[in-house]
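Every number here is computed from the coordinates shown, using simple stated rules; none is lab data. Note that the structure is a prediction, hence the values are computed from the model and not measured. For neighbour counting, all protein chains shown are included, and Cβ atoms are generated from backbone atoms with ideal geometry for every residue, glycine included.
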Amino acid sequence: MAILSQSTPPMALIHSFHCVPHHKTLEFSSLTPNYSKSVSLTRFEGFELQRRKKLGKFKERQTRIGRGATKSVLSVEKNVSRSDSGNEKRETYDAIVIGSGIGGLVAGTQLAVKGANVLVLEKYVIPGGSSGYYEKDGYTFDVGSSVMFGFSDKGNLNLITRALAAVGCEMEVIPDPATVHFHLPNNLSVLVHKEYNDFITELTNKFPHEKEGINKFYGVCWKIFNALNSLELKSLEEPLYLFGQFFQKPLECLTLAYYLPQNAGAIARKFIQDPQLLSFIDAECFIVSTVNALQTPMINASMVLCDRHFGGINYPVGGVGGIAKSLAKGLLDKGSNIMYRANVTSIILEDKKAVGVKLSDGRELFAKTIISNATRWDTFGKLLKGNELPKEEEDFQKVYVKAPSFLSIHMAVKAEVLPSDTDCHHFVLEDDWTSLEKSYGSIFLSIPTVLDSSLAPKGHHILHIFTTSCIEDWKGLPQRDYDAKKERVADEIISRLEKKLFPGLKSAIVFQEVGTPKTHRRFLARDDGTYGPMPRKIPKGLLGMPFNTTAIDGLYCVGDSCFPGQGVIAVAFSGIMCAHRVAADMGLEKNSPILDAGLLKLLGWFRSMA
Ligand SMILES: NC(=O)c1ccc[n+]([C@@H]2O[C@H](COP(=O)([O-])OP(=O)(O)OC[C@H]3O[C@@H](n4cnc5c(N)ncnc54)[C@H](O)[C@@H]3O)[C@@H](O)[C@H]2O)c1
Ligand SMILES: CC(C)=CCC/C(C)=C/C=C/C(C)=C/C=C/C(C)=C/C=C/C=C(C)/C=C/C=C(C)/C=C/C=C(\C)CCC=C(C)C
């Protein structure tokens, strides 16, 4: 993953942000919850209001709020309730979402579609978090995510496509003929073709003595994937849905329940003996979980090891940032709002219930439900600082630690340095398998311009290089030493790529920007810049991973420190689950309070066994 370097001038970002027409819409919406009714409308805002009226939002909102009559145009967007005596009480949204990562945006849009009045608060100037973008000198860089699962037009697991479709958005995508090209120790080179049979042929040619084991291991992955793909995916914390799925698809649900506490490495070892092939499977898991196969939940491994062949990896035209932009636009189209430069510093509790948030500029905003897309470490360690850490969160922290962050290099090069048949994504670990999980041990490389040349000026490519790195390595350095270290470490990484893949790389560089874990912490508001949760030791599969409800009434979490963990498609699923559970609690979906209490207790008990 990579992110804007600390040297990226924020104004450059803001500028490019304003250049995109529908971003103005976002700016308008960011005004609505807080500006007084006397604010006069610009031509654009007037147009936006007309558009919303056309969408029927005005009428809808009046009907639903009932007594929340509105006088002026801007107050149409407000959800101001009145007491019986007619006095205005504080304005209350149905839900406030802290953070506009894909997890937060999916939760927000799904709720908006169900009729809730949602406000998303984003600390930064654009939406997307790790799935954001930035523009510089004619290049469009993906901040982090660039390998997109769940973006096809078939099955039930195309969660990105579905999340966009829910708000009436569709994006053009470019199918990648391969997921990743592995360059591994002992000159083992494996290209993961989109076509499953081509991939299996390539792997069995490298390990002919393990042909049966290879087919059996990936065969189990398919069994799990097919079970997942047969379900309608909603909240596993909602009993009516969960029992309904067990009733309709008993075999598939039992398959998933069986594999829920298992890990990929243990299953691989049932069928495969060759240590180098097992190390390859470690690398397969590492690129999605930052841990080896023994620590990677089998359900997550199956999901990614099969979806890349089933739906394939698809790159959105114009860059990954378009997904968040489209979701943010969809949120507005459904009558909800997003506010940028809105840094939530604390969650307000009343009678132990989450009722609102406080922003760094002192404003307080209130909602029936608060959803945090910040990591659990940020949510409970910072936004709820001073409150006792709930037992459930203590247990979570016993099982999971913060995964390291990344050192990232966003680079532009002259096109001629890359051979014409260069693949889009590469994973490089040169000499020693034991370096797989070490800081700077392995290198991730994405070249999105191989698929979408519109991301760079003609005759140029974008390279997006990243490697794991801990914040401890970068703390306490005087600025000069910090800058020098960034340059030195980046230079070492680039030299390795030059030696392994692209001779002459250094002399072809036209632009380069380096981000460290501190950069990730600063721009993504993630504690220590962490990539997400990582099991302390061998976990019981996904059993210990919390869902969306928390021990605090009215507070839900979404994103990668919730089930099923890291990954854009994973956080999209967490958003769908969260929105379903919240909607059930709000009465926007069917619910059963008695069954709820029973299931939540049962799930809590399961987690305590992890
Ligand atoms: N496929 C890939 O190549 C790849 C690469 C990098 C990241 N990713 C994935 O993206 C996932 C992260 O998605 P996510 O939705 O969990 O979160 P996220 O970190 O992407 O987004 C969280 C958002 O919340 C905002 N935020 C945090 N605290 C805030 C506060 N107090 N006030 C206001 N805003 C605040 C941040 O600015 C950020 O925009 C990771 O799991 C990772 O796997 C994928
Ligand atoms: C509840 C109980 C107890 C029981 C019941 C049973 C059942 C029914 C169950 C069910 C389950 C389910 C539904 C589940 C689901 C799951 C899912 C969906 C999952 C998903 C996952 C995903 C993932 C993990 C993903 C990931 C991804 C990623 C991380 C990616 C990344 C990438 C990167 C980093 C890039 C690379 C690059 C290069 C190489 C360059």
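Points to keep in mind about this one:
- Filter result for Ala412 (buried (at least 16 other Cβ atoms within 10 Å of the Cβ) and under 24 Å from Glu172 (Cβ atoms)): yes
- Among the candidates Ser279, Ser302, Ser289, residue that is buried (at least 24 other Cβ atoms within 10 Å of the Cβ) and either of a type in the set (D, E, K, R) or out of contact with any Cys (no Cβ under 7 Å at 6 or more places or on another chain) (or both): Ser289
- Residue selected from segment 552-581 under the condition β-branched (Val, Ile, Thr) and part of a helix (DSSP H, G or I), by the criterion farthest from ligand 1 (Cβ to nearest atom): Ile576
- Just one of the listed residues (Asp282, Asp333, Asp274) is within 16 Å of ligand 2 (Cβ to nearest atom) and touching a residue at least 24 places away in the same chain (Cβ under 8 Å), and it is Asp282.
- Of the residues Thr467, Thr549, the single one that is within 14 Å of ligand 1 (Cβ to nearest atom) and within 28 Å of Thr375 (Cβ to Cβ) is Thr467.
- Subset of segment 191-234 (residues that are within 30 Å of Lys249 (Cα to Cα), more than 27 Å from the chain's Cα centre (by Cα) and of a type in the set (Lys, Arg)): Lys216
- Applying the criterion of being among the small types (Gly, Ala, Ser) and touching a residue at least 12 places away in the same chain (Cβ under 8 Å) to the residues of segment 198-234, the residue that is surrounded by the fewest Cβ atoms within 10 Å (Cβ to Cβ) is Ser230.
- Counting only strands (runs of 3 or more DSSP E) wholly contained in segment 81-196, the ones carrying 3 or more residues that are within 11 Å of ligand 1 (Cβ to nearest atom) and among the β-branched types (Val, Ile, Thr) occupy 92-98.
- Matching option when the condition is away from ligand 2 (no atom under 16 Å from the Cβ), over 30 Å from Leu445 (Cα atoms) and touching a helix residue (DSSP H, G or I) at 6+ places or on another chain (Cβ under 8 Å), among Ala268, Ala166: Ala166
- Contact map, segment 177-191: first residue in contact (Cβ under 8 Å) with a residue 24 or more places away in the chain and within 11 Å of ligand 2 (Cβ to nearest atom), second residue part of a strand (DSSP E or B) and polar (S, T, N, Q), Cβ cut-off under 9 Å, separation 6 or more or different chains; pairs are His181/Ser189; Phe182/Ser189; His183/Ser189.
- Answer residue from segment 170-190, given it is loosely packed, with under 14 Cβ neighbours inside 10 Å and under 18 Å from Leu436 (Cβ atoms) and is nearest to the chain's Cα centre (by Cα) among those: Ser189
- Complete set of residues in segment 339-377 that are within 9 Å of ligand 1 (Cβ to nearest atom), buried (at least 18 other Cβ atoms within 10 Å of the Cβ) and in a loop (DSSP other than H, G, I, E, B): Ala342, Asn373, Ala374, Thr375
- Among the residues of segment 308-340, just one is more than 17 Å from Ala163 (Cα to Cα) and charged (D, E, K, R), namely Arg308.
- Contact map, segment 289-302: residues that are in contact (Cβ under 8 Å) with a residue 60 or more places away in the chain and at positive phi paired with residues that are part of a strand (DSSP E or B) and of a type outside the set (Asp, Glu), Cβ distance under 8 Å, separation 6+ or inter-chain. Pairs shown: Thr290/Thr468; Thr290/Met534.
- Residue check, Arg607 among the charged types (D, E, K, R), farther than 13 Å from Glu238 by Cβ and within 24 Å of the chain's Cα centre (by Cα): yes
- One residue stands out among those in segment 555-588 that are on the phi > 0 side of the Ramachandran plot and touching a helix residue (DSSP H, G or I) at 6+ places or on another chain (Cβ under 9 Å): the one that is nearest to ligand 2 (Cβ to nearest atom), which is Gly567.
- Only residues that are within 19 Å of the chain's Cα centre (by Cα) and either within 16 Å of ligand 2 (Cβ to nearest atom) or within 14 Å of Ala107 (Cα to Cα) (or both) were counted in segment 336-354, giving 1.
- Helices (runs of 4 or more DSSP H) lying entirely in segment 225-298 (those with 2 or more residues that are aromatic (Phe, Trp, Tyr)): 239-248, 250-259, 275-289
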